[in-house]
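Shown next, in structure tokens, is the structure this report addresses.
The values are calculated or read from the model by the stated rules, or taken from the named source; none is laboratory data. Computed from a prediction, not measured in an experiment: that's the story for all the values here. Cβ atoms come from the backbone with ideal geometry, glycine included; neighbour counts cover every protein chain shown. What goes into the accessible areas is simple: the full protein's heavy atoms, side chains included, and nothing from ligands, DNA or RNA. Shrake-Rupley method; radii C 1.70, N 1.55, O 1.52, S 1.80 Å.
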There are 2 protein chains.
Amino acid sequence: MDTQTASPGGLRAITRDAVRTHLSELAIDLFTEHGFDNVTVEQIAAAAGISARSVHRYFPAKEDLVVGDPTAYGSVVRDAFLARSTDESVLSSLRAAFTVLLDHGGQDIRGKAALCVMTSVPALRARNHEKHLLWASLLTPVVAARLRGSDAELRAQVLVQTALACFDVALTAWVVPGEQRTPAELLGVAFAALPSHGPTPP
Amino acid sequence: MDTQTASPGGLRAITRDAVRTHLSELAIDLFTEHGFDNVTVEQIAAAAGISARSVHRYFPAKEDLVVGDPTAYGSVVRDAFLARSTDESVLSSLRAAFTVLLDHGGQDIRGKAALCVMTSVPALRARNHEKHLLWASLLTPVVAARLRGSDAELRAQVLVQTALACFDVALTAWVVPGEQRTPAELLGVAFAALPSHGPTPP
DNA sequence: CCGCACTTGTCAGAGTCTGACAGTTTGGGC
DNA sequence: GCCCAAACTGTCAGACTCTGACAAGTGCGG
């Protein structure tokens, strides 16, 4: 039933996740070589030795092969935000929350290959943005709870979207050929571009 | 050849733009009534009295019937930004630039109906984000030219994306039923949610 | 008045995604 | 160890979006 996290109890869910990651890596390799639009789902299925119908059973859309499960890691960012002290500014807490995601993201961010494909195809960037919007719907309520004054909901949306923009820009800058810094460092540079919001926490 | 702007000299281009707006309004009405996914291109074509193939000649994708031409209004924002004084902060200039777009947008923003449909369907929100990314590619160079220090390109991307987030949040808040304020006022509230960037210009 | 460019309809096809059905495999309780 | 229900898979069929090619119609310009 619950396919979002590999519950350790279920043995079938483990193999399902294994097939998912295998299909994803296989597809990303094909996309990087021939281009996203020049690879059909049938070719991916043939390379994996299964039918095209089964590929759509694991991934509802072709773009999900690159973007991954939208529901994953959304609650991770929210919990990381809730764990921060309410003394620091909201943007500092958001910056820390997304840094946690970067450290935790060694699994979901399958190297630079997936990001390279994603940044080069508009349809994939759009799908990735949908995932970010889902994260925003989880983050906005908890952020609004820390704001005072009128229009808390609207201002929370602005702050969350701003943090997501920093996250996106940092990852986009990470995959350019000459770049040497880590994603966490680039995220710090991105947040530093915003107007002062207090000293950066340790 | 040049289909992006209705060059006043061409008489055929005028009718073409008229058909475009007519098709767009017609489609938005059908979408608001039956839902975006429950209306096929053939139904839109039948309602307009033309073939489905011709609809795709005016709009490359079905989503473009709601989103509109991505290339429009991109240069308007850029020129509005360039017209601002370099004394004020970059975010203030961006806020003023998008305010110009709101005043100018009586044509492109075809009432709240288009926005309502757009905000309710994830695929349309994604397509709209692609349009915003095209605007960002025009804005980022001129914004980076006003920044000093290292990583000007990256910091410019952050500021442009932040301004776009404010623009998006303001328009999304505008279409909620109870809202009374104008888009320009909501844009001011959105920018005010960011950390202080100097006094708001007149 | 006529040529020419633009527009339109029709046909055909590729590709994505979904539902239904039947056969097979496998996990887990007894 | 056995058996059943549940899950997985392949195959078939269909709807829909989008694209290219070709022929026919329309109106502007010289």
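When each of B:L124, B:L138 is tested for being hydrophobic (A, V, I, L, M, F, W, C), open to solvent by 60 Å² or more (accessible area, probe 1.4 Å) and in contact (Cβ under 8 Å) with a residue 12 or more places away in the chain, the lone residue that passes is B:L138.
Among the residues of region B:65-84, those that are at pLDDT 95 or above and open to solvent by 40 Å² or more (accessible area, probe 1.4 Å) comprise B:R78, B:D79, B:L82, B:A83, B:R84.
Applying the criterion of being more than 14 Å from DNA strand C (Cβ to nearest atom) and open to solvent by 50 Å² or more (accessible area, probe 1.4 Å) to the residues of region A:18-30, the residue that is farthest from the other protein chains (Cβ to nearest Cβ) is A:H22. When A:A144 is tested against the conditions (1) within 12 Å of another protein chain (Cβ to nearest Cβ); (2) in contact with a Ser or Thr (Cβ under 9 Å, 6 or more places away or on another chain); (3) open to solvent by less than 50 Å² (accessible area, probe 1.4 Å); (4) free of Cβ contacts under 8 Å to residues at least 24 places away in the same chain, the lone failure is (2).
Applying a threshold of 7 Å to beta carbon distances and a minimum spacing of six or more residues, or different chains, the list of pairs starting in region A:44-61 at a residue that is within 20 Å of A:R127 (Cβ to Cβ) and ending at one that is part of a helix (DSSP H, G or I) and of a type in the set (D, E, K, R) reads A:A52/A:E42; A:Y58/A:R20. Entry remark, region A:33-64: residues being part of a helix (DSSP H, G or I), more than 9 Å from DNA strand C (Cβ to nearest atom) and loosely packed, with under 15 Cβ neighbours inside 10 Å number 5 in total. Within region A:164-200, the set of residues being part of a helix (DSSP H, G or I) and more than 9 Å from chain B (Cβ to nearest Cβ) comprises A:F167, A:L171, A:W174, A:P183, A:A184, A:E185, A:L187, A:G188.
Of the residues making up region A:65-82, those that are within 14 Å of chain B (Cβ to nearest Cβ) and more than 15 Å from DNA strand C (Cβ to nearest atom) number 1. Of all the numbered requirements in (1) under 15 Å from A:D168 (Cα atoms); (2) more than 10 Å from chain A (Cβ to nearest Cβ), B:Q161 misses one, and that requirement is (2).
On the stretch given as region A:90-117, residues that are modelled with pLDDT under 95 and within 13 Å of chain B (Cβ to nearest Cβ) total 0.
Within region B:147-158, the set of residues being polar (S, T, N, Q) and either facing chain A (nearest Cβ under 7 Å) or in contact with a Ser or Thr (Cβ under 8 Å, 6 or more places away or on another chain) (or both) comprises B:Q157 only.
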